[in-house]
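The values are calculated or read from the model by the stated rules, or taken from the named source; none is laboratory data. Just so you know, these numbers come straight off a predicted model, no measurement behind them. Positions of Cβ are backbone-derived with ideal geometry, glycine not excepted, and every protein chain shown enters the neighbour counts.
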Amino acid sequence: MSLLVDIEINLRAVVTNFCHPSSYPDNSLLETLYGVCCFSTIGLHPKGALKYTDCDIKKFCMLLERPEGVGFGEVGLVHSVPYAEWQGQALLLKESSVSLKNAMFWSYTVGGQMGTYMEKRYTCPSCPSCSE
């Protein structure tokens with residue numbers, strides 16, 4: 001006998017997180033997700049801070065400029081890595097936070113704990129179920 005129970009839920013919208021440059025969506029995928037009320041956040045996960053290239057950061061900034069990108073994250077400080085990597089994470093956070101001007105949603109990590117900062121409520125003009 002399975003302990004799993006099927007529960008039907010009715011979601012108005014969902015958020016998906018692309019926090020590694022290797023997983024970044026192309027414009028077509030961003031548009032498709034947005035069209036079905038699946039809103040995307042774009043981030044630079046802090047564990048990769050020492051590995052990101054200028055090209056990765058440029059792609060990150062370009063995706064944040066897209067109207068379908070509604071947030072900034074996951075970013076922050078992860079203390080589960082060696083202390084020597086913390087400064088690189090802090091510098092990446094400072095450099096990437098300049099791109100926050102258009103982001104409405106910021107998902108961050110501090111000390112390995114994930115949190116959320118909501119600058120303002122987001123509503124999707126093309127999705128009636130999101131307009132409350």
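Could you list, in sequence order, all residues of the stretch 13-58 that are out of contact with any His (no Cβ under 6 Å at 6 or more places or on another chain), closer than 16 Å to GLY88 by Cβ and either in contact (Cβ under 8 Å) with a residue 60 or more places away in the chain or among the β-branched types (Val, Ile, Thr) (or both)? Talk me through it step by step, then tell me what you get.
Here is the first cut: in the stretch 13-58, the ones out of contact with any His (no Cβ under 6 Å at 6 or more places or on another chain) are 13-18, 21-44, 46-58.
Filter once more, keeping what is closer than 16 Å to GLY88 by Cβ: 21, 43-44, 46-54, 56-57.
The answer is GLY43, PRO46, THR53, ILE57.
Report, by residue number, each residue of the stretch 42-73 that is buried (at least 24 other Cβ atoms within 10 Å of the Cβ) and out of contact with any helix residue (DSSP H, G or I) (no Cβ under 7 Å at 6 or more places or on another chain).
Selection gives GLY43, GLY71, GLY73.
Return a yes/no flag: does the stretch 16-34 have any residue that is part of a helix (DSSP H, G or I), closer than 14 Å to SER96 by Cβ and modelled with pLDDT of 90 or more. Outline the logic, then answer.
Residues of the stretch 16-34 part of a helix (DSSP H, G or I): 21-23, 27-34.
After this cut, where a residue has to be closer than 14 Å to SER96 by Cβ as well, the list is 21.
When the remaining residues are screened for being modelled with pLDDT of 90 or more, the result is 21.
Scanning the stretch 16-34 turns up at least one residue that is part of a helix (DSSP H, G or I), closer than 14 Å to SER96 by Cβ and modelled with pLDDT of 90 or more.
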